[in-house]
Structures are given as structure tokens and as C-alpha cells.
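The values are calculated or read from the model by the stated rules, or taken from the named source; none is laboratory data. Please read these numbers as outputs of a predicted model, since none were measured by experiment. When we count neighbours, we look across all protein chains shown, and the Cβ atoms used for this are built from the backbone with ideal geometry, even at glycine. Ligands, DNA and RNA are excluded from the accessible area calculation, which covers all protein heavy atoms including side chains. Shrake-Rupley method; radii C 1.70, N 1.55, O 1.52, S 1.80 Å.
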Amino acid sequence: MSEPTRVSRGVLAGAVSGLAGGLVFGVIMALIGFLPTVAAIVRTDSIPLAFAVHMLFAAIIGAGFGVLVVRQRAQARELLFWGLVYGALWWFLGPLTLLPILLGRPVTWDVASGQALLPSLIGHLVYGAVTAAAFAFLRRSRTPGTRRLRVVSVMRGMTAGVLAAVVLVAALRVMAEQVPYGLLVTGLLAGAGYALLFGDRPEGTGPALIRGMAYGFAWWILVALTVPSLVSEGTLRWSVADVRAAVPQLPAHLLLGSGIAATFTWLGGLGRALFEDDVRRLHPGESGPGRARAAGYGAVAGLAGGLVFALVLYPSGLLPTVARLARATTVGPGLLVHLVIALTVGISYAIFFRGRSFDLTSGLGWGVSYGFLWWILGALTLAPVLLGGTPRWTAADLAAAFPALIGHLAYGATLGAVYQRLEQRASPWWLTRGQAEAERRTSMREQTLGSAPALWTLVLLMALTIPILITN
């Protein structure tokens, strides 16, 4: 297929998909009372005319989505996250930037405006997800390698969901007031959904963790913010106060999503180890150094990231808190404990992401995403539990841990960049350097055509949204 033909088909499919997303978004805008704002653009009070203008915008924006993803694999598992990122991008471009300009006002790039437009952000995320799903549906017949989903995959997903929910509730001693008892049901449904979307090919644990975290974010919007008020009241409670009240459920859903993805991947690996006849398929895509060397690289990269992180911890006065993990209260032991943790997390990064960083961009992307995950898992969850408390998941707790978020992102960026540089120097013993480089280029193209860049961007958007959720 020629490039102009590919682009034109992408534009057409994107426009139709945008209409589907715009229809859902239009209903949302009617529920949250945002259609009069659209009407103001065309200087009218007519709500039907405003809806027509909205649908026109939806089609045009959808066509842009088609151009963006026409070269991607047109499958829901890849396009869902591209749709979420695209919707968030248009929230920045639309309500925060272009709309004020069209109305003769200055752009609104401050936290207060972001809080006021938080319902619009969630609506844009829904628009992006629906548009992506419609685009994948329209182009499903042209997608090579699509497999029929097997019942065993769904059963594996449901098992992974229940196991992840049980571990989250039991091992971390999550309090009932922080996470509803329905978490087990959510885990069951989310696990089945994960299998439906992503269960048709093997994947490494590291990318699965990040994919699962983004997947958990989508479930938080659905379960914590949307379904309860829509079912009980027929409306959407998406104000900043409502979202802040649902913040304690956000870390739970992020960890649940990561747990589902990791457990689903491990169960799949166990099944392949037991029943796969071709041993070459047991470790797909592994082109990095040997495990022992990778662990050493991870330790070095983790220490480098830990030193950078310490530049945030020391001025913030957090090192004595870290020292309490070793029954101490001074800066020296705190720094030592911090570096040991940084080294350990670095080794885990090497184990999970070995052979997944093909250039500096992918190294930074996976590293920052892993750092964000460890902010949720470490600073907000494990550390308080190990100190004898419960997870610190309230909006006030997130605000208090915001300096640690900056430190975790800096740690992750350093970890990912240093590890990628170290790993790039090594070739698997069974390949020549030329063969290894060719394999890396092929894998990098495969990763780029997937959802990895969208996952990295979505994690950054989640981190950028934290100030909106915690600022009074």
C-alpha cells in the first residue's frame, strides 16, 4: 500500500472513530454542563448547534488520531494507551489553550484552571479511549496476526486479578476505608479485561508492570469516579472535590493493575515452560546481556540513581525517616539504607527490563515509569507498612510525599539512562556484535510500533496531574 493511500485511509477511519468518541464525549459534556462553553465559540445559545460543532471538532481531531497511529498495530491493546494520551493532549490544546484564545481570553495554564477543568480532562480521556477502540474495530480486518482469544487466557486473567487483589489486601494490610471490599470483584473483572486486551502474545515482566499500571489508572476512572455516581444518580461526579475524595483508591488501582499484568505474565511463562515444545520460544525477545551481568549493571545504575535521589532527600529532611527502616533516626544511617534500597531496586529493574532499552529514549521512558511505580509501591505503600502503619494514600499523604515523587522520577531517569548505556556495551554470547545490533534495531522498531511510547507519556501525565489532585 502506498503512503498516500495509507494516510488517507487513516484519516477516514480516524474521522469515523472520532465521531464515535465525540458521541460519547457529547453525552458526557451534557451531563457535566460543558456544552454551553462550546456554544460560546460560535456565539450562540443553542445547545443542539453546540453539539453539532462539538461533533465536527470530534471528527477533525479523530482524523488527526488516524494520521498519528496509522502505522501502529491497529489493535486495541496498542491503541488504548495512544488514545488516552491523545485525549489528554487535546485537553491541554483545547480547553486550556485554544478555547480561551477563541473566546478572547488568556490561556489557562495554572493549577486552579486545571482543577476547574478536571471534568473535561476525564472526558477527553474517555473520548480518546473510545476513539482508539473504534479505530481498532474499523481496521481489525487489516491487522496481521490477530488471534482468536482462548478461554484459557481469560481464566488466566481472572486468576491473576484475584491473586493480585488478595495480595494487595492481605500482604499490605490495606484498610477497608481506603479500598472498598469490591476490590476482589474489580480484580476479577480487570483481570478478564486484561486478558481480552493484551493476552494474545508473551511480554516481559517490566513492560507488563508499566502497562498494568496504566491499565489500573483506566480502571480507577471507571470504578472510583464514573460507575457509582452514574448508576446511583444518573450523573457524573468529576469535580476536583469528588476526584480528591477518590484519590485514596488511585494507588490501589495502579498497584492492582501492575499486579494483574505481572501475574498474568508469570502464569503465561509458567504455562510455556510446562507445555512449550520449542525451547527457543521460552524467552522471546531477550537480546540483552546475561542475567548475572545485567544484575551488576542494575546495581551500578541503581547506585547512580540513588545518589541523584539523595540530592532531593537531604534538603527535604526525609533521610531520618528512611533511617527508621533500620531503627535509626540520623542522616548517616538513612543515606546508607537509601543506597541499599536504590541498589536493590536497580537490580530488580535489570531483571525486569533486561533487553528492553534500545536507545536513550527507551531507557529514560522505562526508567521514569519504573521510578513512578516505586513512588506508589515504596514511598506511599511499603515504607509506611514496614514502619508499622498503613499505606499513605490520601490526598494529604500524596501532598506530603510530593518531594519524594520528584526524587523517584529523577532516580528512575538516571537508572534507566545509565543501565541502557551499560547494557548497550554488551552482546549476548551466542550472537556477534553485528547480529546483536541488528536484533536490537528490529526489537526497537517493534517496541516503537507498539504502545511503549504512549505508556511512558501516560505515566508522565499521571505525575503531572498529581499537583492538580493535591493542591487546595
query: Could you give the semi-axes, largest first, of the ellipsoid that matches region 1-43, computed as the square roots of 5 times the alpha carbon gyration tensor eigenvalues and rounded to whole Å?
result: 31, 12, 5
- prompt: Can you pull the accessible area of W374 for me, 1.4 Å probe, Å² to the nearest 10?
  reply: 60 Å²
- prompt: Considering only protein heavy atoms, what is the solvent-accessible area of R293 at a probe of 1.4 Å, reported in Å² to the nearest 10?
  reply: 130 Å²
query: Which whole-number percent is the relative contact order of region 13-139 (Cα, under 8 Å, 6+ apart)?
result: 40 percent
message: Can you give me the distance in nm between label points at A116 and L103, each placed 7 Å from the Cα along the Cα-to-Cβ direction?
response: 0.7 nm
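Suppose the chain between R425 and T321 were pulled fully straight at 0.36 nm per residue; how much longer would it get relative to their current alpha carbon spacing? Intermediate values should be presented prior to the final figure.
Numbers: separation 104, 0.36 × 104 = 37.44 nm, distance 3.77 nm.
So the chain would gain 33.7 nm between R425 and T321.
Could you check how many percent of all C-alpha pairs in region 83-143 are farther apart than 20 Å?
On the way: 650 of 1830 pairs.
More than 20 Å apart: 36 percent of the Cα pairs in region 83-143.
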field: FRET efficiency estimate (nearest 0.05) - Cβ-Cβ, L464 to D45, R0 30 angstrom
entry: 0.30
